[in-house]
Amino acid sequence: MFKNIIIACFLGLIAIVLGAFGAHALKDVLSTTELSSFEAGVRYQMYHAIVLLFVNIYDGFTSKQKNYITYVFFLGILLFSGSIYVIHLTSVSAKSIWFVTPLGGLTLIIGWFLMIIIFLKKLLKSK
């Protein structure tokens, strides 16, 4: 359990660092549109870091479910936010990794869908 909370905290920490970096160091380097895209990556990373904290302190999930949700969201953040960071912080063009960002978004959606399924099963079991 603690490893998942550490992952969530690490993701939150990196989101804050990258958000500050974007607001200060990148504001003169990136266009308004590019900066907005970079900020979206940071925002989605932070949203999911916070969700992972709740997931991993919630007693209604089994350890296996917590691990699975954590790894799915981690992969989604890596693909979604990570690809945005790579595009804006390196010379890698968006055209060369165009498929990674939506794949990350799909992975994040799968994580939310997984939680819905778990809660629906609990709801049906409680009736």
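Results, tabulated for the structure shown:
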| quantity | calculated |
| --- | --- |
| Any hit, region 27-43, residues being in contact with a Ser or Thr (Cβ under 8 Å, 6 or more places away or on another chain) and either within 18 Å of residue 89 (Cα to Cα) or in contact (Cβ under 8 Å) with a residue 12 or more places away in the chain (or both) | yes |
| Residue identified as in contact with a His (Cβ under 6 Å, 6 or more places away or on another chain) and either closer than 17 Å to residue 5 by Cβ or in contact (Cβ under 8 Å) with a residue 40 or more places away in the chain (or both) among 61, 54, 73 | 73 |
| Residue, farthest from residue 47 (Cα to Cα), within region 1-11, restricted to residues that are in contact (Cβ under 8 Å) with a residue 40 or more places away in the chain and either loosely packed, with under 11 Cβ neighbours inside 10 Å or not β-branched (Val, Ile, Thr) (or both) | 1 |
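FYI, it's all coordinate maths here, none of it is from the lab. What you are looking at is a predicted structure, and each value in this text was computed from that prediction instead of being measured. Note: ideal-geometry Cβ built from the backbone for every residue, glycine included; neighbour counts use all protein chains shown.
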